[in-house]
Amino acid sequence: MMASISLCFVSCDNDKDENENQGNNPPEKTTYTVTVVDGEGNPVPGVNLTFNPKGSTAIHFPTDSEGKASYKTDKELTVTVTEIPTGYSYDKLNVAQSFGADGTLTVTLTALAPFVIKVVDQDGNLISGVKVQMCDSAGSCRMPRTTGEDGTVSYPYEEGDFHAQLTAGAPDGYTVDDPAEYYDFVDGVATITLTKIAE
């Protein structure tokens, strides 16, 4: 009987030691870091990420000014890119992704092409110094810009329907049939054609 009791004490002590060891040595946590860049390696801030620790509540973070967001956990982790800024596309939006062995993941967004307004004469020669603007279907126009030596101006990509127009009519030496005419974008480019006055 005494031997049986002694054995129980030894067994119970071992169980206690194991529990104490587990309590003193919790699972080690890993810091997982996502870096979001564009095609040229520039950081992209304001990208909304969802960290998904297995068996726990998802955590939402935006990337900071360096295009980074980090999360520390001892659980298996995936991350999902849920929202990106205007002007970018990403083929794995809302798709859970795994981290590398070093706990890092680099996400590369594709910058969408800007809207380009090109001004030419009737012979296709580029014209500089022409004030133009881009307007949406509601009539709200972006800040007017002046064509450079290449005869173009560009506006960052936006979602929506846009057109181009002159803001100050045709410059000296040129005429245009209708100064208020709208010019549609085709594959991101709107071409305004002016007629050069013969000297």
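The values are calculated or read from the model by the stated rules, or taken from the named source; none is laboratory data. All values reported here derive from a predicted model rather than from experimental measurement. FYI the Cβ positions are ideal-geometry reconstructions off the backbone, even for glycines, and counts take in every protein chain you see. With ligands, DNA and RNA removed, areas are computed over all heavy atoms of the protein, side chains included. Shrake-Rupley method; radii C 1.70, N 1.55, O 1.52, S 1.80 Å.
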Any hit, segment 35-48, residues being over 30 Å from Thr167 (Cα atoms), touching a residue at least 60 places away in the same chain (Cβ under 8 Å), part of a loop (DSSP other than H, G, I, E, B) and in contact with a Gly (Cβ under 8 Å, 6 or more places away or on another chain): yes
Contacts under 8 angstrom Cβ, first residue in segment 135-161 being in contact (Cβ under 8 Å) with a residue 24 or more places away in the chain and part of a strand (DSSP E or B), partner among the aliphatic types (A, V, I, L, M) and open to solvent by 50 Å² or more (accessible area, probe 1.4 Å), 6 or more apart: Thr152/Leu126
Checklist (1) part of a loop (DSSP other than H, G, I, E, B); (2) on the phi < 0 side of the Ramachandran plot applied to Thr195, failing item: (1)
Residue satisfying all of: in segment 110-144; in contact with an Asp or Glu (Cβ under 7 Å, 6 or more places away or on another chain) and of a type outside the set (Ser, Thr, Tyr); least open to solvent (accessible area, probe 1.4 Å) among these: Ile127
Test: residue in segment 100-109 that is modelled with pLDDT under 95, in a loop (DSSP other than H, G, I, E, B) and open to solvent by less than 60 Å² (accessible area, probe 1.4 Å): no
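This table checks each residue for (1) hydrophobic (A, V, I, L, M, F, W, C); (2) on the phi > 0 side of the Ramachandran plot; (3) at pLDDT 90 or above; (4) in contact with a strand residue (DSSP E or B) (Cβ under 9 Å, 6 or more places away or on another chain).
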{"residue": "Ala3", "(1), (2), (3), (4)": "yes, no, no, no"}
{"residue": "Phe9", "(1), (2), (3), (4)": "yes, no, no, no"}
{"residue": "Pro26", "(1), (2), (3), (4)": "no, no, no, no"}
{"residue": "Thr30", "(1), (2), (3), (4)": "no, no, yes, yes"}
{"residue": "Pro62", "(1), (2), (3), (4)": "no, no, yes, yes"}
{"residue": "Ser65", "(1), (2), (3), (4)": "no, no, yes, yes"}
{"residue": "Ser70", "(1), (2), (3), (4)": "no, no, yes, yes"}
{"residue": "Leu77", "(1), (2), (3), (4)": "yes, no, yes, yes"}
{"residue": "Tyr90", "(1), (2), (3), (4)": "no, no, yes, yes"}
Per-region count, segment 61-99, residues farther than 18 Å from Gly46 by Cα and assigned to a strand (DSSP E or B): 7
Residue in segment 169-180 that is within 31 Å of the chain's Cα centre (by Cα), more than 22 Å from Asp123 (Cβ to Cβ), in contact (Cβ under 8 Å) with a residue 12 or more places away in the chain and open to solvent by 30 Å² or more (accessible area, probe 1.4 Å) present: no
Filter result (small (Gly, Ala, Ser) and open to solvent by less than 50 Å² (accessible area, probe 1.4 Å)) within segment 74-99: Gly87, Ser89
